[in-house]
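Here the structure is laid out as structure tokens; the discussion comes afterwards.
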């Protein structure tokens, strides 16, 4: 696939003038993100393209990306990538647009390729950053949590590693908030 060739650096084996529609969408996603990072080392560009896309995937889990989520993504991409704010903003916008347009098709593919390129520590940091993004509004919905769990599984995080990250955000999980409210209401009624 085009995305695999992108990460491995190998040249396509087929005629590049006749890509399949899936390959074309996949290639366009990566090309747009990488073009925004031309001054960055190629290996780092590949890492950041996947990283930004995964953040956008998490943010879009509830089918909307808030301005707060976008700002957190920009900050994280800037910090992790050592990018100036203007480049981080562009990378995040491209990743957001690609996620919104092609998310259902590309989510697993991009995450799988990121997993191949990232260390265990980087994969854990990506999941932690995803939690920070979706918690920017002080709530993590069931839909967002399900997506975060799926991302963690696709990145081969153990349940213990995911639990360490999740516990940092337990007060933002809407299911826990609802449970606490119900417990509070039942105690008031007694």
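Matching residues to (1) at pLDDT 95 or above; (2) under 19 Å from residue 53 (Cβ atoms); (3) part of a helix (DSSP H, G or I):
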| residue | (1), (2), (3) |
| --- | --- |
| 114 | yes, yes, yes |
| 131 | yes, yes, yes |
| 144 | no, yes, yes |
| 150 | yes, yes, yes |
| 186 | no, no, yes |
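Looking at this structure, is residue 70 surrounded by fewer than 21 Cβ atoms within 10 Å (Cβ to Cβ), modelled with pLDDT of 95 or more and within 24 Å of residue 146 (Cβ to Cβ)?
On the way: surrounded by fewer than 21 Cβ atoms within 10 Å (Cβ to Cβ): yes; modelled with pLDDT of 95 or more: yes; within 24 Å of residue 146 (Cβ to Cβ): yes.
In short, yes.
What number of residues within the stretch 154-184 satisfy the criterion of being in a helix (DSSP H, G or I), modelled with pLDDT of 80 or more, touching a helix residue (DSSP H, G or I) at 6+ places or on another chain (Cβ under 8 Å) and surrounded by fewer than 16 Cβ atoms within 10 Å (Cβ to Cβ)? Working first, answer last.
The first filter runs over the stretch 154-184 and keeps only residues in a helix (DSSP H, G or I), leaving 154, 159-167, 170-172, 174-184.
Okay, now just the ones that are also modelled with pLDDT of 80 or more, so 154, 159-167, 170-172.
This time we only want the ones that are touching a helix residue (DSSP H, G or I) at 6+ places or on another chain (Cβ under 8 Å), so: 154, 161-162, 165-166, 170-172.
Checking the rest, the ones that are also surrounded by fewer than 16 Cβ atoms within 10 Å (Cβ to Cβ) come to 170-171.
Residues that pass the stated criteria total 2.
The values are calculated or read from the model by the stated rules, or taken from the named source; none is laboratory data. These numbers were taken from a predicted model, which means no experiment stands behind them. Virtual Cβ from ideal backbone geometry, glycine too; neighbours counted across all protein chains shown.
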